[in-house]
Each structure stands twice: as structure tokens, then as C-alpha cells.
Amino acid sequence: MRNNATIILALAVAGLAACTSDPSFEVPEEIANDNNERIRAQHGTIHGNEGLLTFGSGRSVDSGGGATVYGGIGVNAYLWRASLETIDFMPLSQADPFGGVIITDWYSPPETPGERFKINVYILDTVLRADGVKVSVFRQTNGTEAGWIDAAVDARTSTSIEDNILTRARELRISAINTQ
């Protein structure tokens, strides 16, 4: 078994050594560019015909129901924006518009410095629907010697935040329709 591994390793090293090229040889730039264009036209790219699009690229397709598709990745623009606006008082830890996940960092309200909250927002659909958003709220209280201890959160808190997000998303959708 050990001999087989040694032989395979030796062949791999020999193969890599054979890959060295003559540094004096260069492909002329016009040939390289022509080849790249020909290959792209024939096979496309890994990002599709539109390429990889990001937030401000301006190229988007409304697939109905408020879903805006950027570069083939579906994100409901109204739910996304409404979620960010609803929890804008909390510091963001992560925001992934392609996966539809927003995670805040711990936030301690000035009124109650002995407790802190964290919110996770999940956008579950590309269409503006009541079940298209899920919110998880986490709460901790400051135990004097034990540090921060997990505490119960009223289930109505998550539901209330979800309702606020959905209401704001509907407002954004209505204003977008009225401006068209």
C-alpha cells in the first residue's frame, strides 16, 4: 500500500515538473483576447449570460409578486428592504441578500442595560407573501457573576416584528406600483 502511494506521489511530482513553461514564450494579446471571446460565446460563463450582478448594477427582472431577480439569484427586494428598515436600530453582524439572511449583533436598549437582544431574519420566498419572512429573537439577561444568561422571549415579539416587516414591504410595493 505504501509503495502505491509513493509511486503515485512520484508520478504527480514528475507531471508537475513537466508543466514548467518557457518564460520567453508569450501568447500575443490579440490572440488571447480572440480565444477568450470565442470560448465565452461558445460555452458561456459560470455566471450565465448576464454575468454576476450585484446590488447597484441596475439590471434586474421583475418576475412578479415583487420578486426581483439579480443574476439568476432570487431575492424579494421589498421584504429585504423592509427587513433592513425595520431592524435598522440594531447593529448588523451579517447580511446576505442572496441567501436572504440578516443577523444582528447583540443590542442592549438604553432603558434596560441589564438585558440584550439579537435578531435573525430569514427571507424564505421570492414573492411578497405573509409566510415569506421568519424572525427569530434571542434575549439574554446579565447575571451578576455568571455573565449573560439566556432568557425567554415572548412569542409575540417575533410575530410583531414579522408583521412590521410585512407592512413595510407592502408599503414599498404600493409606492413602487404608484410611481410606474
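No value in this document is a laboratory result; all are computed from the given coordinates. Quick caveat: nothing in here was measured; it's all calculated off a predicted structure. As a convention, Cβ positions derive from the backbone with ideal geometry for all residues, glycine included, and neighbour counts pool all protein chains shown.
In whole angstrom, how far apart do the alpha carbon centroids of region 93-126 and region 146-164 sit? Taking the Cα centre of each part, region 93-126 and region 146-164 sit 11 Å apart.
Under a model in which nothing but the beta-carbon of Lys, Arg (+1) and Asp, Glu (-1) is charged, region 75-178 shows a dipole of about 320 debye around its Cα centre.
Using alpha carbons only, the radius of gyration of region 82-156 set against its Kirkwood radius gives Rg/Rh = 1.03.
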